[in-house]
Amino acid sequence: MASPVQTFDPERLAKSIGGGDRTVLSRAITLIESKRADHRHAAAALTQALLRQTGKAVRVGITGAPGVGKSTLIDALGRMLTGQGHKVAVLAVDPSSRRTGGSILADKTRMAHLANDPNAFIRPSPSSGTLGGVAARTRETMLLCEAAGYDVVLVETVGVGQSEIAVADMTDFFLVLALPGAGDELQALKKGVVELADMIAVSKADGDNVARAKLAAAQYGAALNILAPRSPHWSPPVVTCSAATGDGIAALWTHVLDHRQRLAASGELATRRGEQQVKWMWTMLEERLFAPLRTDRALKAALPKIEAEVAAGRLAPATAVEQIADMLED
Ligand SMILES: Nc1nc2c(ncn2[C@@H]2O[C@H](COP(=O)(O)OP(=O)(O)OP(=O)(O)O)[C@@H](O)[C@H]2O)c(=O)[nH]1
Ligand SMILES: [Mg+2]
């Protein structure tokens, strides 16, 4: 039986996606997420056909420890932006097993306003695959959303492993959320992530937390001062905000727009995006080249044995590579 995606004509789909119909957008995303080889060709043709319609959105990555308040902030910020007439797409990169069916639902509950907002589109992380694969699908989904008229794209990722780098590599502005807390919070924020930050926002700055949030912000500010900034045109600010009361949300967005204006004026935005495109190409190529190692039955069966032989010192790594490469070429 033919699946609905199978019948897609990339050219036609590319034309109709600009109409902003969410059903068309969802079908296009299903095509992008499909692992079938023929769908992959159609997906590539689709992204190529859409190239001119993409790239106009403000792309913001949002990270922070589990429970720091990312989804709640996105809900508050997104609502403010749709109120101003923007169309907001919310995507996620989370290749960990943490995120299964249940928490997708939880995310929609956390983003209760946006979930019911006709000018917002929420798409959870693709449910399986390597980080490279998940990030590539999310990136392509971002392009589809842009083509469908979404002019703000917010990408949430949890602070695990390499996923922050993947999100920083697909966005223009990387926002790190931090909890209001004592100095040891600073230790908890990994240095690598702070180096990627275009802004740190101390979340949940409401009620009893306000004073602590301000103190934490001052400490993060001092810590950022000793790091070399990511861009010569931007010094990452540290702010406090509360998604619960709305305090600081408008100011936070003002910084995002200020950053965009400065990087666009200096040409850095275009350079950064160009570099991101090239890096993305290599990531996808690596994915493609490595795919047989994960899918080819004979290879999958042979690899653990080869690995064990290498570990035991009976097989030289170079010989193992020759054997694997021979199997790949068969
Ligand atoms: N007081 C207060 N609580 C908040 C605020 N924002 C979020 N919370 C609470 O913090 C908890 C976690 O919020 P989420 O928005 O789900 O956090 P998250 O960072 O998206 O969590 P994960 O996606 O699981 O990593 C929830 O119980 C929220 O109600 C805030 O501004 N003030
Ligand atoms: Mg969340």
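The values are calculated or read from the model by the stated rules, or taken from the named source; none is laboratory data. Since the structure is predicted, the reported quantities are computational estimates derived from the model, not experimental observations. We place every Cβ from the backbone using ideal geometry, glycine too, and count neighbours over all the protein chains shown. Accessible surface areas use protein heavy atoms only, side chains included; no ligands, DNA or RNA. Shrake-Rupley method; radii C 1.70, N 1.55, O 1.52, S 1.80 Å.
So if a site counts as exposed when it's one of the trypsin sites (Lys or Arg not before Pro), its DSSP state isn't H, G, I, E or B, and it has at most 14 other Cβ atoms within 10 Å, what's the longest stretch of the chain without one?
Values: sites that count: K35, R36, K56, R98, K190, R314.
In the chain, the maximal stretch lacking such sites is 191-313.
Can you find, among A216, S34, T245, the residue sitting farthest towards the positive end of the charge dipole of the chain, where Lys and Arg contribute +1 and Asp and Glu -1 at Cβ?
Going by the Cα projections, it comes out as T245.
Under a plain spin-label model, where a point goes 7 Å from the Cα along Cα-to-Cβ, how far apart in nm are L285 and R262?
It works out to 3.4 nm between the two label points.
With respect to the cross-link table entries K35/K70; K15/K56; K279/K300; K35/K305; K15/K70; K15/K279, which display a Cα-Cα separation exceeding 22 Å?
K35/K70; K279/K300; K35/K305; K15/K70; K15/K279
Could you give each residue of the range 113-121 its phi-based ³J(HN,Hα) in whole Hz, using Karplus coefficients 6.51, -1.76, 1.60 with θ = phi - 60°, and x for Gly or Pro?
So the Karplus estimates, Gly and Pro as x, are 5, 5, 4, 10, 9, x, 9, 10, 9 Hz.
Work out the charge dipole of the chain with +1 on the Cβ of Lys and Arg and -1 on the Cβ of Asp and Glu about the Cα centre, then indicate which of A197, V90, S16 is farthest towards its positive end.
The one lying farthest along the dipole's positive direction is S16.
Roll a 1.4 Å probe over the protein chains and send me the accessible area per residue for the chain in Å². Intermediate values should be presented prior to the final figure.
On the way: 16430 Å² over 330 residues.
So the chain comes to 50 Å² accessible per residue, rounded to a whole number.
So what are the ³J(HN,Hα) numbers for the range 232-246, from phi and the Karplus equation (6.51, -1.76, 1.60; θ = phi - 60°), rounded to whole Hz, Gly and Pro as x?
3J(HN,Hα) across the range 232-246, in whole Hz: x, 9, 8, 9, x, x, 10, 10, 10, 7, 9, 6, 6, 9, x.
On the full set of protein chains, 1.4 Å probe, figure out the accessible area of V321 and give it in Å² to the nearest 10.
Using a 1.4 Å probe on the heavy atoms, I get roughly 90 Å².
Probe radius 1.4 Å, ligands and nucleic acids left out: which of D21, D258, D247 has the largest accessible area, and how do the rest follow?
Working: D21 75, D258 50, D247 95 Å².
Per-residue accessible area, sorted high to low, gives D247, D21, D258.
Pull out a ≥ b ≥ c, the square roots of the eigenvalues of the alpha-carbon gyration tensor of the chain, then state rounded if a/c is under 1.5, prolate if not and a/b is larger than b/c, and oblate in the remaining case.
On the way: a/c = 1.90, a/b = 1.31, b/c = 1.45.
Taking the square roots of the gyration eigenvalues as a ≥ b ≥ c, the chain is oblate.
Based on Cβ point charges of +1 for Lys and Arg and -1 for Asp and Glu, what charge dipole magnitude is obtained for the chain about its Cα centre, in debye rounded to the nearest 20? Walk me through the numbers before you get to the answer.
Details: 37 positive and 35 negative charges, 99 e Å.
Value, rounded to 20: 480 debye.
For the pair T295/N225, report the inter-label distance in nm, with labels modelled 7 Å from Cα in the Cβ direction.
Result for the modelled spin labels: 5.4 nm.
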